[in-house]
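The values are calculated or read from the model by the stated rules, or taken from the named source; none is laboratory data. All figures in this text were calculated on a predicted structure; none of them were measured in a lab. Here the Cβ positions follow ideal geometry from the backbone for every residue, glycine too, while neighbour counts run over all protein chains shown. The area values use the complete protein model at the heavy-atom level, side chains included, leaving out ligands, DNA and RNA. Shrake-Rupley method; radii C 1.70, N 1.55, O 1.52, S 1.80 Å.
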Amino acid sequence: MTAELAQTLAEHGIPSTESTMTTEEALVYRLLDSVAVDGGLTEEAKKEMATLLKENENAYNALSDCIVRPLNITTSSSDQGEMLPIKRSYRAIKIIEQDVQMASQIQKAGGSLDDIEENDALILNGTRAGLLAKKLFAAYDQKDINEEEGGNAAEETSQPLCLRPHIPHVNHLLKSLLEGYASAVCMAACAGGRDGVEAHLGPMLCYRSLSSASTKAAESGADLGSAASLESPLPTLAAIVTTGCTGRLSSNAATEQTRNQMMNNPMMMAQQAQEFHNSTNHLISKGHRRKFVRSLADWDLLTRLADCIDHPGTDESALYRSEAACDALLSIVDTVGFPPMPPPGVVVEAKKKKEMEESVGEEALLAPLATDDFLHHLTHCVTGGSLNNSLSASRALLGLFDLATGRSKNHSAPPALDAADADEATSEAAKAVVETVEVINKIKKSGLTASMHQRLIGSIDVLVKGIDVYALADGGSIDTRSEESDDGNGDAVRHPGHYAIKQPFTSRRLHLISLLADIVDFDNDSNADADEGKEGEKIHDHSAAKVAIDAIVALPLPPSCGGKAKDENDDVDVVYNPFPGFVDLLFAYPENNLYQIQFYRLLHSLCMTNHEDGLKVLVQKTKFVGRAIKAIKNDATVSNKGVLLRCLNALRLHSQSLSSHSFLRHYLDSHDGWKSYQATLRSNTIEQQRLGGGIPMPTLTGPPPGMMGMASLVDAINSNPLLTSEDDAEKSEELDIDLGSAYANDLGFDSTIKAFVGDDSAPHGDGTAPDGKAEGGSGSAKKKKKSKKKKKK
């Protein structure tokens with residue numbers, strides 16, 4: 001001990017021969033207890049602490065031990081109480097965090113790691129930050145720490161009692177270290193390769209025990225969710241993994257929320273461009289990132305997270321652990337699989353773009369997404385897990401496949417401005433920016449998406465069993481305005497809007513139905529039709545979707561649709577075809593518009609693939625057409641009227657592209673109810689598309705005062721024939737709702753789908769038009785009707 005240190009100890013009244021702790025520890029604890037009025041350290045204590053930490057390595061270790069191995073001791077200046085170690089831990093974190101912020105600012109200003117090492121004002125350096133990170137990793141595994149039991153532990157030993165660290169503080173400090181010393185933290189995590197990751201990140205993944213504060217919250221009946229979410233180390237684990245793999249910190253979430261305003265705000269655009277430039281600067285070298293990714297891949301991180309969802313434990317916080325594992329899994333796959341997107345108007349240099357897209361072995365890390373072991377954890381949990389972790393598993397399956405296909409990124413591109421927010425020139429410029437944005441999907445480029453789709457098809461029966469659609473046979477919506485609404489429905493869940501739910505639909509079931517819609521809606525890579533010289537025109541390959549629908553149709557029909565009833569002596573669970581059940585749910589839950597979206601996607605997929613066996617089940621076996629027409633006629637205010645009209649129009653548009661030999665065309669042509677409803681269907685559809693709800697809109701002479709940005713909106717109103725005050729009948733004739741129209745495109749029937757005309761004596765096997773026997777669909781359907789008589793039933 002130096003003479004200067006001994007003098008400092010004497011000034012604080014601390015003997016130089018402390019029996020229970022070192023003199024450096026005693027001085028650090030005394031300084032941490034020197035609290036100002038605002039709760040922080042006094043200015044004098046801050047200066048002395050800074051000097052002490054720079055000159056004495058033992059003092060720095062004592063400061064970090066206050067966080068990871070706090071001692072249950074008191075000093076003459078300390079307050080009493082069980083919160084004292086947590087307060088000291090917080091003050092120690094603030095000292096280190098201030099240092100980290102200075103290092104982060106140096107890097108943002110263009111400084112290098114050498115500049116940080118040479119800065120004398122900093123307490124931390126790369127070596128100290130790495131050692132501190134290892135201490136924090138070890139804090140999640142406290143098997144060697146003796147907790148106080150009964151109160152005799154302190155009397156039986158002369159050593160101060162070590163307490164468990166406050167895990168929320170450990171989580172916070174690790175995230176802070178990433179901002180200034182990302183390379184040191186990530187290299188500490190993977191030091192030793194796979195075994196090093198197991199030793200350092202393994203305790204974070206396996207962390208189970210609750211802190212004393214969380215335990216007391218549970219005992220007192222307080223909300224355990226907030227305590228469990230703060231204590232969970234999985235969000236911190238996700239931050240370390242994403243930073244180590246990409247070499248950059250997570251992008252600013254405000255970028256997505258302010259895209260519209262940026263187009264008209266040059267200062268905001270410049271600020272966002274600078275933030276994007278800073279966020280894409282690599283804080284970790286390529287070699288270090290490659291080593292980090294390889295270590296995580298060898299450790300099989302993604303499969304371990306899936307197992308954490310499948311087996312989250314049985315304690316009170318199991319639900320939050322399963323949800324945290326799901327969030328971490330989705331966050332890692334999202335960040336690693338998709339490079340950051342530039343804000344609107346920001347041009348990325350070719351060299352910078354190449355660095356952003358460059359691979360450091362992410363394919364090996366993401367490879368478990370398409371393995372049977374990984375998917376088995378999640379699909380097994382859907383059917384065999386508890387209600388809590390099955391919800392997390394269904395959300396993980398849906399989110400991962402949406403990321404793999406890029407579907408969840410379709411709306412991430414900067415949207416064009418609304419006409420009310422900018423003039424025509426600005427709107428066109430925004431639209432041009434949107435069209436030039438390219439979303440890079442590393443998951444799809446590596447071929448994992450198609451493999452994942454194939455394995456999900458192999459688990460179709462498990463997913464359908466998890467949906468358990470026929471368990472809702474006695475559920476549905478009750479109109480509380482009817483006199484019979486309360487008879488025998490005392491347990492129904494009431495909702496605003498004059499309806500109650502006898503049996504909840506559940507978000508888990510909605511996730512699985514959405515996943516099923518994604519699987520049958522999967523479209524292989526589209527290619528330009530180069531043979532016919534139509535550059536830019538896309539053709540779609542639905543072969544994978546057909547295989548998925550084949551797997552569903554192969555399931556036996558339920559007894560309600562003519563299927564064989566289950567033998568009472570048979571213990572095997574029969575998984576029935578879900579299509580009839582999906583149709584029943586559409587009418588049983590008319591207010592569930594989230595489900596209505598997925599039902600239309602399923603029907604649209606059957607139309608796109610022209611899967612006749614599937615259409616026979618969904619349309620003919622369930623009598624969907626007659627039930628839909630009846631529901632619309634009987635109640636003009638029915639909540640599912642919109643989706644029923646969309647479904648009927650989808651069948652109408654699809655039948656226009658088929659020959660009379662096809663099932664759907666023949667079925668609809670022989671359906672008396674369908675034929676008699678065509679005129680009403682067309683008029684209702686046109687009325688549905690009319691802006692203003694059918695009320696004639698006046699012609700505007702100019703934008704309102706002070707709202708010059710609405711000029712393009714005024715032009716749109718004046719040029720729209722449906723918004724003028726002319727005769728409605730004349731306007732109806734001007735609106736096209738057949739194939740080739742904007743309405744058909746909105747329903748998913750794009751310009752590549754042609755109306756069938758000509759000789760249908762030799763149609764294709766799927767009922768579509770022969771080569772050279774299709775033309776663009778425009779004008780009313782009456783103009784396309786063939787003169788020959790329709791077939792009768």
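Couple of notes before you dig in:
Every residue, every condition in (1) under 31 Å from the mean Cα position of the chain (by Cα); (2) more than 25 Å from Ile501 (Cβ to Cβ); (3) open to solvent by 10 Å² or more (accessible area, probe 1.4 Å), yes or no:
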{"position": "Asp584", "(1), (2), (3)": "yes, no, yes"}
{"position": "Leu606", "(1), (2), (3)": "yes, yes, no"}
{"position": "Lys621", "(1), (2), (3)": "no, yes, yes"}
{"position": "Asp635", "(1), (2), (3)": "no, no, yes"}
{"position": "Leu648", "(1), (2), (3)": "no, yes, no"}
{"position": "Ser660", "(1), (2), (3)": "no, yes, yes"}
{"position": "Asp669", "(1), (2), (3)": "no, yes, yes"}
{"position": "Ser683", "(1), (2), (3)": "no, yes, yes"}
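- Every condition in (1) farther than 24 Å from Thr383 by Cβ; (2) of a type in the set (Gly, Ala, Ser); (3) open to solvent by 10 Å² or more (accessible area, probe 1.4 Å) is met by Ala588 except one, and the failing one is (1).
- Where Asp518 falls short, out of the listed (1) open to solvent by 50 Å² or more (accessible area, probe 1.4 Å); (2) modelled with pLDDT of 70 or more: (1)
- Extreme residue, modelled with the lowest pLDDT, among residues of region 521-561 that are farther than 22 Å from Gly447 by Cβ, surrounded by 14 or more Cβ atoms within 10 Å (Cβ to Cβ) and of a type in the set (Asp, Glu): Asp529
- Condition check for Ala239: at pLDDT 60 or above, closer than 21 Å to Tyr207 by Cα and open to solvent by less than 70 Å² (accessible area, probe 1.4 Å): yes
- Scanning region 387-409 for residues that are open to solvent by 40 Å² or more (accessible area, probe 1.4 Å) and either of a type in the set (A, V, I, L, M, F, W, C) or under 20 Å from Gly313 (Cα atoms) (or both) yields Leu387, Asn388, Leu391, Arg395.
- The residues in region 436-492 that are open to solvent by less than 70 Å² (accessible area, probe 1.4 Å) and modelled with pLDDT under 65 can be counted, and the count is 7.
- From the options Ser220, Ser226, Ser285, residue that is within 20 Å of Ala133 (Cα to Cα), at pLDDT below 90 and out of contact with any Cys (no Cβ under 6 Å at 6 or more places or on another chain): Ser285
- Residue match in region 74-85 (condition: modelled with pLDDT of 70 or more, crowded, with 17+ Cβ neighbours inside 10 Å, in contact with a helix residue (DSSP H, G or I) (Cβ under 9 Å, 6 or more places away or on another chain) and outside any loop (DSSP other than H, G, I, E, B)): yes
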